[in-house]
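A quick write-up on the structure given underneath.
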Amino acid sequence: MITVKSSAIAHSNIALIKYWGRSLDHNPNLNIPSNDSVSMTKYGLTQSTHLQTHTTIDFSDAYQEDSAILEEKVLARRKMERILKVVDPLRKYANIDCKFKMMSRNDFPTQAGLASSASGFAALAIAAANALGIDFTKEEISTFARLGSGSATRSIQGGFVRWKKGNSHETSFAEQICDPHKFNMNAVIAIVHEGKKDVTSDVGHESAHTSPFNEVRILKSQQQAKDIQKAILDDDFCKVGRIAEESSKYMHAVMMTSNPPLFYWHPSTLRLVRSIQEMRKRGMKCYFTVDAGPNVHCLCRPEDRYELQKMLGRIEYIKKIIPVKPADDSYVTKEHLF
Ligand code: PMV
């Protein structure tokens, strides 16, 4: 009997230059983006939430069919299809055709705009490649994580990461810009709403090209990716913050003007954005970025984080705050979930 089991822990990431919309020139299943994106892989600094996914996968000829469980729920249809998009090509590459059982747990709410798909598919790609005995570089693993979710491409490596859009499966991968200690940035995530979002980013990407502003956003994003990479390497926090805010606003402008339109912001999102602008006027160095959900990441220097946490902690409509710092690489662990 063949049986090969492996587990991995992967971190989530926050995009500083956003990926929004797949390239229309390629097979949409490949998740090739229309622009480069840049992110910080993040590690949650609370006791219960490190913003990571722990996944175990076991390939065995004792299994009659593939199965996957996330948070004690058996996955079916679209969710299972996305898992197979990562596992099938790896199984083919390794020339192993036995079935698998996968189990996965997040230490944070799934699908609430905290990038659970990024850590989820990164953990899956690392665990599956390791179980199948495939000796890939981190860049190569990132291409397989991408097949499950674009943002997962950037969660294989720690610190600050750039996903180069590329023009094929092999050339659309993520590279580390610098390790977590080289650029001093933290963030405080302000949760203003904890429920699941109505439209997942997986579906939202499809409408990006219907916005009249999409082409401009794509062009601007390429320049922003270059500029932010330089600002990160120059340790220029304010420049990183300014470019990240701009990228987030461009993405939401495209979302809101797409057909059908997507409004991920809640009234409390806008209230908080205005408070952050106000805090900045009063001298606090902080910048906002918002993903495909209502919650706000407030970027800051590590030495300002406690003060910022205190300020955000006093705002009554913020349900929870999660401070984060840059994470190390995602990794294989010997701790199995079953
Ligand atoms: O990886 P996806 O399909 O969940 O898309 C992620 C989209 C954003 O989070 C909004 C931006 C990004 O680059 O992570």
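The values are calculated or read from the model by the stated rules, or taken from the named source; none is laboratory data. This is a predicted model, so every value here is computed, not measured. Counting neighbours? That spans all protein chains shown, and the Cβs are built from the backbone with ideal geometry, glycine included. Note: accessible area is taken over every heavy atom of the protein model, side chains too, but ligands, DNA and RNA are not part of it. Shrake-Rupley method; radii C 1.70, N 1.55, O 1.52, S 1.80 Å.
For a quick check of your reading of the filter: which trypsin sites (Lys or Arg not before Pro) in the range 303-338 sit in a DSSP loop and have no more than 12 other Cβ atoms within 10 Å?
Details: sites: 305, 310, 314, 319, 320, 334; in loops: 314, 319, 334.
When the trypsin sites (Lys or Arg not before Pro) of the range 303-338 are filtered for loop state and at most 12 Cβ neighbours within 10 Å, 314, 319, 334 remain.
Rolling a 1.4 Å sphere over the protein heavy atoms, what is the accessible area per residue of the range 202-268, to the nearest Å²?
Values: 3300 Å² over 67 residues.
The answer is 49 Å² per residue.
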Dividing the alpha-carbon radius of gyration of the chain by 2.2 N^0.38 Å, where N counts its residues, gives 0.95
Comparing 226, 73, 99 in a Gaussian network model of the chain (Cα, 10 Å), the one with the largest mean-square fluctuation is 73
For the range 82-168, the count of lysine pairs 8 or more apart or interchain whose alpha-carbon atoms are under 26 Å apart comes to 13
Answer in debye to the nearest 20: the dipole magnitude of the chain about its Cα centre, from +1 Lys/Arg and -1 Asp/Glu charges placed on Cβ, is 980
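Return the Rg/Rh value of the range 1-99, two decimal places, where both radii are evaluated on C-alpha atoms and Rh is the Kirkwood radius.
Using Cα coordinates only, the ratio equals 1.02.
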Listed by chain and number, the aspartates and glutamates with an alpha carbon less than 14 angstrom from that of residue 249, same-chain partners under 8 positions apart left out, are 291
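With a/c under 1.5 counting as rounded, go ahead and sort the range 104-253 into rounded, prolate or oblate using the C-alpha gyration tensor (a ≥ b ≥ c being the square roots of the eigenvalues; past the cut-off, prolate if a/b is larger than b/c, else oblate). Display every interim value, and only then the final one.
Working: a/c = 1.33, a/b = 1.16, b/c = 1.14.
Taking the square roots of the gyration eigenvalues as a ≥ b ≥ c, the range 104-253 is rounded.
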Given the candidates 69, 266, 102, the one whose Cα lies deepest towards the positive end of the charge dipole of the range 3-333, counting +1 at each Lys or Arg C-beta and -1 at each Asp or Glu C-beta, is 266
The percentage of the accessible area of the chain (probe 1.4 Å, all protein chains present) made up of carbon and sulfur atoms, to the nearest whole number, is 50
